[in-house]
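Take a look at the structure set out below.
The values are calculated or read from the model by the stated rules, or taken from the named source; none is laboratory data. Nothing here was measured: the structure is a model prediction, and the numbers come from that model. FYI the Cβ positions are ideal-geometry reconstructions off the backbone, even for glycines, and counts take in every protein chain you see.
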Amino acid sequence: MPTARLTMASIVVALMLSVVLALPASAAQIISYEGNTSAATPNRISLGVLKRDDGRRFLQRLRIRYTLTCEDASTYTSGVTIRWGRGVRLGEAGEFSWDYPPDGEGSRSSWHFAVEGEIGFRNASGNVTTAEAILTDDHTDAQFCTTGDLTWTAERTDSRPARLTAATTPHRTGFTKIRVSGGVAEVVK
């Protein structure tokens, strides 16, 4: 029965992958930080940092809630969550900066976001600004809205092991999805 052999081979590959891929990741950690900006509540910030087993750190997630003030003095509450696949590499002292759109890209984006900071072992701090063009209430014109320059501070809230959650292996009829949870690998249909 080729199907039984193929299934058994997939399970063996899944088990081998769980051992090979889970062991190196077991020393890596995801470290979370939560904090506030210098603007009034509900302006909050949260960060997720991957610390690899070799000590290198990468900012992988940034979530911020902010209030924009527009030219006509109206306010607009918004927020953004940014997830980087590889992450933004932190410098030796934990420093980082990120802009969207990137300088020199010639983008005609109606939104600009810039964040910089330093992430230490127990806390983090930095600056953030965002600006965007927002339509007026009658939708006939746009106006400039910004947070202005805000400072932010955050404290470490927890850390957890970084684990592989899923992988795929090629196989004759497509792909076999393998889930690794709690050190146990299973083939997902």
Those residues of segment 46-62 which are crowded, with 20+ Cβ neighbours inside 10 Å and on the phi > 0 side of the Ramachandran plot, in sequence order: none
Members of segment 63-86 that are surrounded by 12 or more Cβ atoms within 10 Å (Cβ to Cβ) and either closer than 16 Å to SER38 by Cβ or within 21 Å of the chain's Cα centre (by Cα) (or both): ARG63, ILE64, ARG65, TYR66, THR67, LEU68, THR69, SER78, GLY79, VAL80, ILE82, TRP84
Which is surrounded by 13 or more Cβ atoms within 10 Å (Cβ to Cβ), assigned by TED's automatic domain parsing to the domain that holds ARG122 and either touching a helix residue (DSSP H, G or I) at 6+ places or on another chain (Cβ under 8 Å) or acidic (Asp, Glu) (or both), of GLU34, GLU92? GLU34
Any chance segment 111-131 includes a residue that's over 21 Å from the mean Cα position of the chain (by Cα) and either modelled with pLDDT of 85 or more or not assigned by TED's automatic domain parsing to the domain that holds ARG56 (or both)? no
With respect to ASP53, is the statement that it is touching a helix residue (DSSP H, G or I) at 6+ places or on another chain (Cβ under 8 Å) and over 18 Å from TRP152 (Cβ atoms) true? yes
Determine, yes or no, whether THR157 is in contact with a Ser or Thr (Cβ under 6 Å, 6 or more places away or on another chain), of a type outside the set (A, V, I, L, M), closer than 15 Å to ARG44 by Cα and loosely packed, with under 13 Cβ neighbours inside 10 Å. yes
